[in-house]
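Q: Sharing a structure here in structure tokens format.
The values are calculated or read from the model by the stated rules, or taken from the named source; none is laboratory data. These numbers were taken from a predicted model, which means no experiment stands behind them. In this analysis, Cβ positions are derived from the backbone assuming ideal geometry, glycine residues included, and neighbour counts consider all displayed protein chains.
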């Protein structure tokens, strides 16, 4: 039996954190601490249309003086019920696919430089990602959330941080096995002004 799509629930969840346009929803899932889930434009807009037809969301058209009109979607009480029902389901299967891991598994001497270059790039991406997570974590503290809501947000934020840290450590140790030292962030040197 095919697994039912989780996209409707992801969108309902995003809207439970406030009204959003389709573009806003896409940006919501692009945040660093949301890396464990993504939704494309091709998934978001058809699903919003379906949710609207089912009465789970409602829409308001924001007419702007410049640019195209903006459709802002809001969760309805019926949508909130469907979201809560899904949150209580016990069937929560996790899947993991990583193309780089697959390439490394089948690695060979002829392509070693390419794969190591990709690992070095990943090291920088992960380091930058951790910095972004720190900023997002500080911004989260300023949100107007209940104690319980903040606790759930922190739970996924901490998981994201630990995942990034573990993957960064693995990346650095893997490069070390090939004799490549971990990269250090270069600090910009202040230029001294010449006295005239």
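Q: Residue 187 is checked against (1) in contact with a helix residue (DSSP H, G or I) (Cβ under 7 Å, 6 or more places away or on another chain); (2) farther than 15 Å from residue 35 by Cα; (3) modelled with pLDDT under 90 and fails just one. What number does that condition carry?
A: Status for residue 187: all satisfied but (1).
For (1) surrounded by 10 or more Cβ atoms within 10 Å (Cβ to Cβ); (2) under 28 Å from residue 139 (Cβ atoms); (3) in the same structural domain as residue 146 (by TED's automatic domain parsing), each residue gets a yes or a no:
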position	(1), (2), (3)
21	yes, yes, no
36	yes, yes, no
53	no, no, no
64	no, yes, no
78	yes, no, no
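Q: Let me ask another. Among the residues of region 26-78, what is the count of those that are touching a strand residue (DSSP E or B) at 6+ places or on another chain (Cβ under 8 Å) and under 27 Å from residue 131 (Cα atoms)?
A: The number of residues fulfilling the criteria is 1.
Q: Inside region 88-107, can you point out the residues that are part of a helix (DSSP H, G or I) and surrounded by fewer than 11 Cβ atoms within 10 Å (Cβ to Cβ)?
A: 99, 101, 102, 105, listed by residue number.
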